[in-house]
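Peer 1: Here it is: the structure, laid out below.
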């Protein structure tokens, strides 16, 4: 793929590769063990300008594109899936505010890019995930304010966020046509953070439930038009699915590299286990699917950067990449045998971390629905 990258893409890839190898990977096991937000690592990524790679220069970014963000994500996630996940949050928040925010709201972008302002997004609720239109959090109008009431679940960075983009019903009777996005500063009265979730993997993301108990926020904090946030969210999901696909891709690349190294070191029946065809076939399938996933992701990213709709391509990339990641990381663990079940080896953490990729940013069942509907439009 290197020959298909522009010089700028190669440069940002090399920066991310170096940080992933020298900064992220050495910290990954400790982040997983302590399950605490790795602020120093996060700030170091910000200091290299990586949070703004997809933003134009006039918005404070480096003037690159979604392709660059996907390339960076792959390299960071090779070092740690959790840090890759953390990387996506400011990248997506800054883009969202750039596309939809007012000038006052866009003033948050420099702080997001340098890591001094921690953003979060709250869409999912305890009883509603994929069924976004059925959310019950409300924002009722009271003069020049909204008053928010409800509870959001699985808020990444929820424990540490300075500002949250909350999706709430401003017209509860209108279904998905009644949803608005409202910026809520977390120091406002009535914002109540729950305990950090104890997760299977992806540790260190300060994930929690957040309740909004009659939180008063000025109408000027609304991002985009009133009742127009569902469409905004769906458009943002297309970009975020490319980011999550790239995260899963990076983790699978790391798993394959570990499996190859282990298979050459591990001897059974008088020879390295890489000499056994069963192991070779697993490695061959990993290499084939990693290459295919990278092409799917980068094709969708190029379309996005060209201003083309990518609902189909983003869903295909997310579905294929995360499904293949789950299967191949499991096989990489199998190649490690009993050692793969030990926390002494990175593959154990990759196995736990990658499982989330099939669930969030739209479950893979939702991706199949999206793809099927796109096929219906094209061929019915």
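Peer 1: Nearest 0.05, what FRET efficiency do residue 185 and residue 342 give at R0 = 45 Å with Cβ-Cβ as r?
Peer 2: Approximately 0.55, to the nearest 0.05.
Peer 1: Can you sort 203, 176, 299, 100 from fewest to most other Cβ atoms within 10 Å of each residue's own Cβ?
Peer 2: On the way: 203 25, 176 17, 299 14, 100 20.
Ascending Cβ contact count within 10 Å gives the list 299, 176, 100, 203.
Peer 1: Quote the FRET efficiency, to the nearest 0.05, computed for residue 30 versus residue 7 with a Förster distance R0 of 41 Å and r equal to the Cβ-Cβ distance. Don't jump to the answer; show the numbers that get you there.
Peer 2: Details: r = 35 Å, r/R0 = 0.86.
For residue 30 and residue 7, the calculated efficiency is 0.70.
Peer 1: Sticking with this one: Give the distance, in whole Å, between the Cα centre of segment 312-356 and the Cα centre of segment 209-268.
Peer 2: 16
Peer 1: For Cα pairs less than 8 Å apart in space and 6+ apart in sequence, what is the mean separation divided by the residue count of segment 153-202, i.e. the relative contact order in percent? Show your work: numbers first, answer last.
Peer 2: Details: 45 pairs, mean separation 18.1, N = 50.
Result for segment 153-202 is 36 percent.
Peer 1: Turning to a different aspect of this structure: Taking Cα atoms, how many degrees apart are the long axis of helix 66-79 and the longest axis of the chain, rounded to 10 and kept between 0 and 90?
Peer 2: Between helix and principal axis, roughly 60 degrees.
Peer 1: Restricting to Cα pairs below 8 Å that are 6+ residues apart, what does the relative contact order work out to for the chain? Please round to a whole percent. Let's see the in-between values first.
Peer 2: On the way: 697 pairs, mean separation 60.3, N = 380.
Here the relative contact order equals 16 percent.
Peer 1: Further question on the same structure: Between residue 219 and residue 257, what is the label-to-label distance in nm when each label sits 7 Å out along the Cα-to-Cβ direction?
Peer 2: 5.3
Peer 1: How many angstrom lie between the Cα centre of segment 170-205 and the Cα centre of segment 1-23?
Peer 2: Their Cα centres are 34 Å away from one another.
Peer 1: Evaluate the distance, in nm, between pseudo-label points positioned 7 Å from the Cα of residue 128 and of residue 177 along their respective Cα→Cβ axes.
Peer 2: 1.6
Peer 1: Sticking with this structure for a sec: For segment 93-238, what class follows from the C-alpha gyration tensor (a ≥ b ≥ c being the square roots of its eigenvalues): rounded when a/c is under 1.5, otherwise prolate if a/b is larger than b/c, else oblate? List each step's numbers first, then the result.
Peer 2: Numbers: a/c = 1.35, a/b = 1.12, b/c = 1.20.
Rounded, since a/c falls under 1.5.
Peer 1: Determine, for 195, 231, the number of other Cβ atoms within 10 Å of each Cβ, and report the residues in order from fewest to most. The partial results should precede the final answer.
Peer 2: Numbers: 195 8, 231 14.
Placing the least packed residue first, the sequence is 195, 231.
Peer 1: Same structure, new question: Round to a whole angstrom and tell me the spacing of the C-alpha centers of segment 24-58 and segment 72-140.
Peer 2: One Cα centre to the other: 15 Å.
Peer 1: Right, next: Multiplying the sequence separation of residue 299 and residue 57 by 0.36 nm and subtracting their Cα-Cα distance, what value in nm do you get? Provide the component values of the computation, followed by the final result.
Peer 2: Details: separation 242, 0.36 × 242 = 87.12 nm, distance 2.37 nm.
Fully extending the segment from residue 299 to residue 57 adds 84.8 nm.
Peer 1: Further question: Nearest 10 degrees is fine. How inclined is helix 229-265 to the longest principal axis of the chain, computing both from alpha carbons?
Peer 2: It works out to around 20 degrees.
Peer 1: Mind pulling the angle between the C-alpha long axis of helix 7-19 and the longest principal axis of the chain? Nearest 10 degrees, somewhere in 0 to 90.
Peer 2: Around 80 degrees separate the two axes.
Peer 1: Right, another one. Efficiency by 1/(1 + (r/R0)^6): what FRET value for residue 107 and residue 380, r their Cβ-Cβ distance, R0 = 56 Å, to the nearest 0.05? Mind showing how you got there, number by number?
Peer 2: Numbers: r = 46 Å, r/R0 = 0.83.
About 0.75, to the nearest 0.05.
Peer 1: Shifting gears a bit: Give me the percent of DSSP beta bridges within the chain that run antiparallel, rounded to the nearest 5. Intermediate results must be reported in sequence, preceding the final value.
Peer 2: Values: 30 of 36 bridges.
Roughly 85 percent of the DSSP beta bridges within the chain come out antiparallel.
Peer 1: Tell me the label only: which of (1) 0.98; (2) 1.06; (3) 0.96 is Rg/Rh (Cα atoms, Kirkwood Rh) as calculated from this structure?
Peer 2: (1)
Peer 1: So what is the relative contact order for segment 246-380, in percent, with contacts set as C-alpha pairs under 8 Å and at least six apart?
Peer 2: Working: 124 pairs, mean separation 40.2, N = 135.
Across segment 246-380, relative contact order equals 30 percent.
Peer 1: Listed highest first by mean packing, meaning other Cβ atoms within 10 Å per residue, what order do 123-132, 352-361 come in? Provide the component values of the computation, followed by the final result.
Peer 2: Details: 123-132: 16.4, 352-361: 21.8.
Put in order of decreasing packing, that is 352-361, 123-132.
Peer 1: In a GNM of the chain with a 10 Å cut-off on Cα contacts, which of 79, 52, 175 has the highest mean-square fluctuation?
Peer 2: 175
Peer 1: For n ≥ 4 DSSP H runs only, could you compute -39500 (n - 2.57) per run for the chain, divide by its residues and tell me the 222 nm figure to the nearest 500?
Peer 2: On the way: 12 runs with 193 residues, N = 380.
Result for the chain, helices only: -17000 deg cm²/dmol.
Peer 1: Here's something else I'd like to know. Using a 10 Å cut-off on Cβ atoms, rank the peptides 23-30, 85-92 from the highest mean neighbour count down. The partial results should precede the final answer.
Peer 2: Working: 23-30: 18.1, 85-92: 24.8.
By packing density, highest mean first, the sequence is 85-92, 23-30.
Bear in mind these aren't lab numbers, they're just calculated from the coordinates by the rules spelled out. Please read all numbers here as calculations on a predicted model, not as lab measurements. In this analysis, Cβ positions are derived from the backbone assuming ideal geometry, glycine residues included, and neighbour counts consider all displayed protein chains.
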